[in-house]
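The values are calculated or read from the model by the stated rules, or taken from the named source; none is laboratory data. These figures come from a predicted structure and were not determined experimentally. Cβ placement follows ideal geometry from the backbone for every residue including glycine, while neighbour counts extend to all protein chains displayed. When the accessible area is computed, the model is the full protein with side chains, heavy atoms only, and any ligands, DNA or RNA have been set aside. Shrake-Rupley method; radii C 1.70, N 1.55, O 1.52, S 1.80 Å.
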Amino acid sequence: MSTKLKLYLGRKIIECLKRPTSFTPTELLPWIQIGKNHNEQCMEMTMPLEVLENNLGITNITEILKIQPDDIIKRISYGNNRANRNLQFDVERNIFIKDVIENCAKPDFNLKPKTIVFDYSSPNIAKPFHFGHLRSTIIGNFLSNLNKFLYNKVTRLNYLGDWGTQFGFIKVGIDELKFSEHDIRNNPLKLLYESYVYANKLAEKDSTILERAKLEFSKLEVGSEDHLNFWKDYMGFTRDELVGIYKRLGVEFDEYNYESMYSSRNIQNVIQKLKDRKVVQQDSDGKHVALVDKKTVSILKSDGSTLYITRDIAAAIDRFDKYKFDKMYYVVDNSQSDHFKTLKEMLHRLDLPWANRLHHVKFGRIRGMSTRKGNAIFLKDILDECREMMIQKQIESPTTKVKIDDSETSDILGVSCVIINDLKQRRQRDYDFNWEKVLQVQGDTGIKLQYVHCRLHSLEENCGVKLPPQLVPEVLVEPEVTNLIKSVAKFQDILYRTEEQFEACILVTYLFHLCNDINKALKVLKVKGADPDIGAQRLLLLVKSRDVLHAGMSILGLKPLKKM
C-alpha cells in the first residue's frame, strides 16, 4: 500500500478531531492496513480502535464516522466486537489499484530514521565457521537489509574473534607443523584450525605446551612487534577468505572489527574506569570480578589479560563514541543471554546513559547440519555441496534455461535454499537440517521464489507486448486481479510487522503467498494473444508484482535471478 493513500486517510482522521493532538498523519501510517473485505467498487482499509483510544484519546468514534464520503472514501464504518475492533474505510477500487501499482515496491516515509549498528556473524578464527555463525550471518544480513530499506542509517559490523589464549595455541601449532606463510595464505581458516587442534592434542600429553601457548599470547597482549605483525598478516589472509564466503551468501559488511583492537594494552582507560568506580573487585586469586544476578563473573584475569566480556565492554563504548547509535543489536544465539545481560549491567554500573540501547537478538540452533558425504564442519564445504546438488537437479529438469555448466546460477539457487530454509523458521526455535527438504523443487523453498521471479521475467521478454506508460485500472476486472492487488498492497504492512517482531518468517510466508497469487493470476490473465490494450495492463500488474517479489527477496538476502 502506498504512503500517499495512507496519509490521506490519516489526515482525514486528525482533521475531524475536535481537540488538538500532537499526532501527525505520518505517525498513523503503520496502523493503517489492508482489510479483508472488498466488493466490485471498493477495497477495505482498516485502523484498530485501540490505536485511536490509546494514542488519540478517542473514546467515542462518532466524530470520525461523520467524515464525509468523497471520490476516494466511499464509506466509513466500524466493527466493535472482540474479533474485529477496527475502523473501516471503503476506498474506491480503481483509485486503490492505481495507487498500489504506482507505489507498491517502495517503503513508507521514515521521517525519524534511526542510526542502527548490527553486530553479526562474528566467527572465531580459532574455530571453523560453524552454523551458529551461519544463522547469525543470515539473520543479521536480513535485519540490516530490512532497516536500510526502511531508510534507517545502518552500519554492519563483523567482529572477528582473534584474541585469547587459544591464539597462543595456534602459534604453537603453526610452529610445530612448520606451516609457512605461503601455506596459511592459501588456506587460512582450515590451517589455523588444524594448528589449534594439533597444539591442543600435544597439550594433553605435554604440560609445557599450555605454558608455551600462554607465553605466545602474552607476547601478543603486551604488543610484541614481531608477534603483532605475524598476527596481522594471518588475520588479513583470514578476512580475505571470509569475504569470498560472504560474497557467495550475498553478504557485505561496512566494517570488520577484531577483538585484538581491545587488547589490554589498548583499553587501559576502560580497565581503570572499571576499577575506579568499583564495578569490579579483586578476589583472592588476583582476578577482577563482578557479582551479577548472584553469580561471580570474571572481568579481568589475574595477570591483567582481558576476557571476552572485558573486550565487549570496551567495544561497546568505542562504538557509541564512533556512531552515536540509537540502537545496537548483537545477533547471537540463545546460549549467550547471560553474557549480554552482564555486558549491559557493566555499562549501567559505569553510568553510561545509552546502555539500554543495546539489544540481544537471540536465535535457536541448527541440528544435524553437515554434508551428505560426512560431518564437514566448514561452511565452504556445505555451500559447495549445495551447488553440486543444484547442478544435478538442473540437469534432471526439462525446464532449465541456463547452461548446465553455469555454476554461478547453481550456487545462487543452492544458497537461496539454505537462506529461505533458515529464515522461514521462527527465530528462537532450534530446527533440524534436512537436505531433501532444503533443496526440494516443489513446495515452499528458495527455488519457488526464484522460479516465479524468473517466470515473470520470461513473460515480459517473450509476450510480444510492451509495458504501457500508465495504468488503466478500469480494464482489470477479474477476481484474480483483486486478489493479486490486495496481496501486493500488503507488502508495507508486512514490513512493519517483520521489523517490529524481528521475524523474517513473516516476510517469507508473505512472499510464498504472493507467489501463489501470481501463479493463479498467470493462469487466467493471459498477456500473449489477448487484446493488446488489456494485455499491456495485465503485464504492468504482473511486472509490478515482480518488483515487490524482487524487493522482498533482496531484503531476505537472496540474489533474484532472471533465468534458471
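To the nearest 10 degrees, how steep is helix 337-349 against the longest Cα principal axis of the chain, on a 0 to 90 scale? The angle comes out at about 80 degrees. Mean sequence separation of contacting Cα pairs (under 8 Å, at least six apart), scaled by the length of the chain, corresponds to a relative contact order of 15 percent. Computed from backbone phi with θ = phi - 60° and the Karplus coefficients 6.51, -1.76 and 1.60, the 3J(HN,Hα) list for the stretch 299-306 is 10, 9, 6, 5, 8, x, 5, 7 Hz; x is used for glycine and proline. Here the stretch 111-211 is treated with +1 on each Lys and Arg Cβ and -1 on each Asp and Glu Cβ, and its dipole about the Cα centre works out to around 840 debye. Please say if the stretch 211-327 is rounded, prolate or oblate, where rounded means a/c under 1.5 for a ≥ b ≥ c the square roots of the C-alpha gyration tensor eigenvalues, and otherwise the choice is prolate for a/b larger than b/c and oblate otherwise? Because a/c hits 1.5 or more and a/b fails to exceed b/c, the stretch 211-327 counts as oblate.
Taking the helices alone, the chain has a mean residue ellipticity at 222 nm of -17000 deg cm²/dmol, built from -39,500 (n - 2.57) per DSSP H run of at least 4 residues and averaged over all its residues.
Placing +1 on each Lys and Arg Cβ and -1 on each Asp and Glu Cβ, with no other charges, gives the stretch 18-149 a dipole about its Cα centre of roughly 460 debye.
Considering only protein heavy atoms and a 1.4 Å probe, what is the carbon-and-sulfur percentage of the accessible area of the stretch 94-203? With neighbouring chains kept in place, the figure for the stretch 94-203 is 53 percent. In a simple Cβ point-charge model (Lys, Arg +1; Asp, Glu -1; nothing else charged), the stretch 458-515 has a dipole of about 40 debye relative to its Cα centre. To the nearest ten degrees, helix 532-556 and the longest principal axis of the Cα atoms of the chain are 20 degrees apart. Counting Lys and Arg as +1 and Asp and Glu as -1 over every other residue whose Cβ lies under 13 Å from the Cβ of Lys362, the net charge comes to +2. Spatially, the stretch 532-564 and the stretch 253-295 are offset by 51 Å when compared through their Cα centroids.
Which of the three applies to the stretch 1-114, rounded, prolate or oblate, going by the alpha-carbon gyration tensor with a ≥ b ≥ c and a/c under 1.5 meaning rounded?
Oblate.
For the stretch 511-564, the fraction of 1.4 Å probe accessible surface lying on carbon and sulfur atoms is 52 percent. Highest mean packing comes first when the peptides 30-40, 507-517 are listed by Cβ atoms within 10 Å, giving 507-517, 30-40. Packing around the peptides 241-251, 380-390, 461-471, 294-304, taken as the average count of other Cβ atoms within 10 Å per residue, puts them in this order, highest first: 380-390, 241-251, 294-304, 461-471. Of all beta bridges that DSSP places with both ends in the stretch 72-179, some 55 percent have antiparallel geometry. Taking Cα atoms only, the orientation of helix 491-501 departs from the longest principal axis of the chain by about 30 degrees. Simple rule: put +1 on each Lys or Arg Cβ and -1 on each Asp or Glu Cβ in the chain, find the dipole, and look at Leu449, Tyr151, Gly57; the Cα lying farthest toward the positive end is Gly57. In the context of the full set of protein chains, residues of the stretch 461-548 present 43 Å² of accessible surface per residue (probe radius 1.4 Å, heavy atoms only).
Ordering Asn266, Asn200, Asn141 by the projection of their Cα atoms onto the charge dipole of the stretch 140-281, which places +1 on the Cβ of Lys and Arg and -1 on the Cβ of Asp and Glu, puts Asn141 at the extreme positive end. The residue among Ile76, Thr21, Leu5 whose Cα reaches farthest toward the positive pole of the charge dipole of the stretch 1-135, with charges on the beta-carbon of Lys, Arg, Asp and Glu, is Thr21. Accessible surface for the stretch 229-294, divided over its residues, is 55 Å² per residue with a 1.4 Å probe. Highest-first packing order for the peptide set 259-272, 218-231 is 259-272, 218-231, based on the mean count of other beta carbon atoms within 10 Å.
Classify the chain as rounded, prolate or oblate, taking a ≥ b ≥ c as the square roots of the eigenvalues of its Cα gyration tensor: rounded when a/c is under 1.5, otherwise prolate if a/b is larger than b/c and oblate if not.
Because a/c hits 1.5 or more and a/b fails to exceed b/c, the chain counts as oblate.
Excluding same-chain neighbours fewer than eight residues apart, the lysines reachable from Lys523 by a Cα-Cα span under 19 Å are Lys448, Lys486, Lys544.
Of the cross-linked pairs Lys66/Lys490; Lys153/Lys563; Lys178/Lys205; Lys74/Lys98; Lys341/Lys559, those separated by over 25 Å at the C-alpha level are Lys66/Lys490; Lys153/Lys563; Lys341/Lys559. For the stretch 458-528 and the stretch 116-155, write down the distance between their C-alpha centroids in whole Å. Cα centroid to Cα centroid, the span is 29 Å.
Taking every DSSP beta bridge with both residues inside the chain, roughly what % is antiparallel (nearest 5)?
55
In the context of the full set of protein chains, the stretch 1-60 has a per residue accessible area of 51 Å² (1.4 Å probe).
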